[in-house]
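What follows is one structure encoded as structure tokens, with my remarks underneath.
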Amino acid sequence: MAVAKILVVDDDPSIRNLIQRFLTKHNYQVEAAEDGKTALALFEQFNPDLVILDVNLPDTLGYNLCQEMQNRTKVFVLMLTSRADEADKIRGFSQGADDYLTKPFSLGELEVRVGAILKRQRVVTTAEKQRLVFDKLTIDPERREVTINNELIPLTALEFDLLRFLASHPGRVWRRAELIQEVWDYEYVGDQRVVDVHIGQIRKKIEIDAAQPILIQTVRGVGYKFEAPSGTL
């Protein structure tokens with residue numbers, strides 16, 4: 001299997017160097033940048049699988065960089081921040097971040113988060129490769145593509161995983177904590193509203209009216225379920 005490529009973007013040289021050394025020791029291919037401009041240039045040349053991205057950069061906000069990079073490729077993004085405020089995390093997730101790590105953090109925790117994110121790249125099993133077709137909505141796990149009326153819907157990696165998981169179990173109600181365990185793939189410590197943010201983003205992209213969702217329904221006091229539309233193939 002190819003070595004995963006990671007781009008580290010942080011204006012603090014001590015943190016940048018520490019992460020770079022640590023991940024290189026764990027057999028990742030690592031490049032590092034201190035600002036947004038350098039990061040974008042490196043991003044083009046290096047084509048990373050994952051970007052570890054500080055929120056506060058000298059020339060831009062990490063949120064903006066996250067969006068710009070994901071518009072170019074479907075890269076995974078792990079945000080780093082000294083802001084412990086949940087509102088900042090929610091904002092990061094709504095901009096497409098796959099995960100969040102608050103400074104100071106342990107290198108052990110960083111390793112777990114990086115491993116969990118990159119696992120989404122793994123080769124899918126034969127059972128998981130099966131395309132899910134619901135009327136005009138098609139979810140293709142092998143190509144990691146979602147189409148409605150044959151039109152490609154741009155989803156982030158995490159949005160895709162969440163939608164595929166829900167659609168694989170139509171009619172079943174999942175609690176937020178269960179979805180975090182199944183989709184994020186580790187014990188997420190923090191505000192479970194991150195699930196609501198991602199569901200909200202998916203609804204904007206696949207529902208006719210995000211305010212009155214038909215496909216991904218809220219079950220009050222419990223969580224969410226995917227409801228196959230009538231006329232499913």
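Which residue, PHE43, LEU61, PHE76, has the largest displacement toward the positive end of the dipole of segment 30-76 when charges sit on each Cβ (Lys, Arg +1; Asp, Glu -1)?
PHE76
Would you mind checking LYS74/LYS136; LYS74/LYS205; LYS74/LYS119; LYS5/LYS119; LYS25/LYS89; LYS205/LYS225 for any pair whose Cα atoms are more than 20 angstrom apart?
LYS74/LYS136; LYS25/LYS89
For the chain, with a Gaussian network of springs between Cα atoms less than 10 Å apart, report the residue from ASP209, ASP161, ASP54 with the top mean-square fluctuation.
Taking springs between Cα atoms under 10 Å, the residue moving most is ASP209.
Exposed loop sites here are chymotrypsin sites (Phe, Trp or Tyr not before Pro) in DSSP loop states with at most 16 other C-beta atoms within 10 Å. What is the longest stretch of the chain lacking them?
Segment 1-104 is the longest.
Mean residue ellipticity at 222 nm from the helices of the chain, using -39,500 (n - 2.57) per DSSP H segment of n ≥ 4 over the full residue count, to the nearest 500 deg cm²/dmol? Could you put the intermediate results ahead of the total?
On the way: 9 runs with 90 residues, N = 233.
Calculated at 222 nm, the ellipticity per residue is -11500 deg cm²/dmol.
Counting only protein heavy atoms and using a 1.4 Å probe, what share of the accessible area of the chain belongs to carbon plus sulfur, as a whole percent?
Carbon and sulfur atoms account for 48 percent of the accessible area of the chain.
To the nearest 20 debye, what charge dipole does the chain have about its Cα centre, counting +1 at the Cβ of each Lys and Arg and -1 at the Cβ of each Asp and Glu?
Approximately 600 debye in magnitude.
On a 0 to 90 degree scale, rounded to 10, what angle separates helix 193-206 from the longest Cα axis of the chain?
60 degrees
Provide the net charge surrounding ARG143, with neighbours chosen by a C-beta distance below 10 Å and charges set as Lys +1, Arg +1, Asp -1, Glu -1.
Neighbourhood net charge equals 0.
Given a 1.4 angstrom probe, what's the average accessible area per residue across the chain, in square angstrom?
For the chain, the per-residue accessible area is 50 Å².
The values are calculated or read from the model by the stated rules, or taken from the named source; none is laboratory data. The structure displayed is predicted, hence computed values, not measured ones. Ideal geometry is used to build each Cβ from the backbone, glycine not excepted, and the neighbour counts take in all protein chains shown. Quick note on the areas: whole protein, heavy atoms, side chains included, nothing else; ligands and nucleic acids left out. Shrake-Rupley method; radii C 1.70, N 1.55, O 1.52, S 1.80 Å.
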